[in-house]
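Below is one structure, written out as structure tokens, with a few remarks after it.
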Amino acid sequence: MKINIRYFLDRIANSGDCLLCELPAGRHQNLCRHCWNSLPKLHNPCQLCGLPAPPAERICPRCRRKPPPWQSMIAPLVFTGDTRRLLLQLKFNEQLLIANCLASRIWPQFIGRDIEALMPVPLHRERLFERGFNQSLLIARQLGWRLGIPVDHRSLVRIRATEAQSGLSRNQRRKNLSKAFLYQPRRKWRRIALIDDVITTGSTMEACCRVLRASGVEHIETWSLARTLKGD
Ligand SMILES: [Zn+2]
Ligand SMILES: [Zn+2]
């Protein structure tokens, strides 16, 4: 299943067909059941870090020793194969269609979480200007619309443009991200979900959690479309 840009452009006018195989995908869907089933998923992920947990356990030994600063992580897909290709396209092309395509299949996994607002991980304004959109906001909007949860994309802002994170160690990432975010809530949220397209080390989420906690947010969940399998 190769993804080709021209094909995607054609599909904009014709949503309702599967982005991967072109067959009808169903109402409000852009990914058919067969292609959705074939995307790589993790069975029995740890509820806190999204990485494989031992059979029949909800929390992995690593998170039991040192829990992350959030209460739950949900990342339904593994960032590899067609999922990886779709998400890379999401960053650079056809954002709305792909955000819709993945959200159309994924949103039921986020039902019933008792969350007051969805908060996309913000981009620095320079990056936003270069790219023209924040892919996390597109995903947050898609999920918010389906789940009936408001999206707050103004309270959490990125005040420092950080260097590219890839290739940095966990500690270097943490340092790179310290003081990168500012939280100035428009209203007092108690339970929020941070939204990102892909979670790699979780360093970005940790940096966001720090400022949210400091302002009294009690319950933070981290939601993304996909997770890389390497924790560091
Ligand atoms: Zn399909
Ligand atoms: Zn874990």
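Report, by residue number, each residue of region 104-130 that is at pLDDT below 85 and within 20 Å of Leu212 (Cβ to Cβ).
None; the set is empty.
Could you give every pair whose Cβ atoms fall below 6 Å, whose first residue belongs to region 51-70 and is within 26 Å of Val211 (Cβ to Cβ) and touching a residue at least 24 places away in the same chain (Cβ under 8 Å), and whose second residue is among the acidic types (Asp, Glu) and more than 16 Å from ligand 1 (Cβ to nearest atom), counting only separations of at least 6 or pairs across chains?
Matching pairs, first to second residue: Pro69/Glu206.
Cβ contacts < 7 Å: first residue over 21 Å from Asn134 (Cβ atoms), restricted to region 73-88; second residue surrounded by 19 or more Cβ atoms within 10 Å (Cβ to Cβ) and at pLDDT 85 or above, any location; separation 6+ or different chain. Result?
Filtered contacts from region 73-88: Val78/Ala226; Val78/Arg227; Asp82/Leu39.
Please find, within region 104-156, the residue that is surrounded by the most Cβ atoms within 10 Å (Cβ to Cβ) out of those that are β-branched (Val, Ile, Thr) and touching a strand residue (DSSP E or B) at 6+ places or on another chain (Cβ under 8 Å). Write out each step before concluding.
Pass one, region 104-156, residues β-branched (Val, Ile, Thr): 106, 111, 115, 121, 139, 149, 151.
Filter once more, so that each one left must be touching a strand residue (DSSP E or B) at 6+ places or on another chain (Cβ under 8 Å): 106, 115, 121, 139, 149, 151.
Numbers: Ile106: 24, Ile115: 23, Val121: 25, Ile139: 29, Ile149: 19, Val151: 18.
Looking at the filtered set, the residue picked out is Ile139.
Could you grab me the full set of residues in region 173-196 that are crowded, with 22+ Cβ neighbours inside 10 Å, at pLDDT 90 or above and not aromatic (Phe, Trp, Tyr)?
Correct list: Ile192, Ala193, Leu194, Ile195, Asp196.
Could you list, in sequence order, all residues of region 18-53 that are more than 10 Å from ligand 2 (Cβ to nearest atom) and farther than 23 Å from Arg84 by Cβ?
Pro24, Gly26, Arg27, His28
Among the numbered criteria (1) farther than 26 Å from Leu77 by Cα; (2) in contact (Cβ under 8 Å) with a residue 40 or more places away in the chain; (3) in a strand (DSSP E or B), which one does Val211 miss?
Among (1) farther than 26 Å from Leu77 by Cα; (2) in contact (Cβ under 8 Å) with a residue 40 or more places away in the chain; (3) in a strand (DSSP E or B), the lone unmet condition for Val211 is (3).
Filter region 59-81 down to residues that are more than 18 Å from Ile220 (Cβ to Cβ) and within 13 Å of ligand 2 (Cβ to nearest atom), then give me how many there are.
5
The values are calculated or read from the model by the stated rules, or taken from the named source; none is laboratory data. Just so it is clear, the structure is predicted and the values come from calculations on it, not from any experiment. Cβ atoms come from the backbone with ideal geometry, glycine included; neighbour counts cover every protein chain shown.
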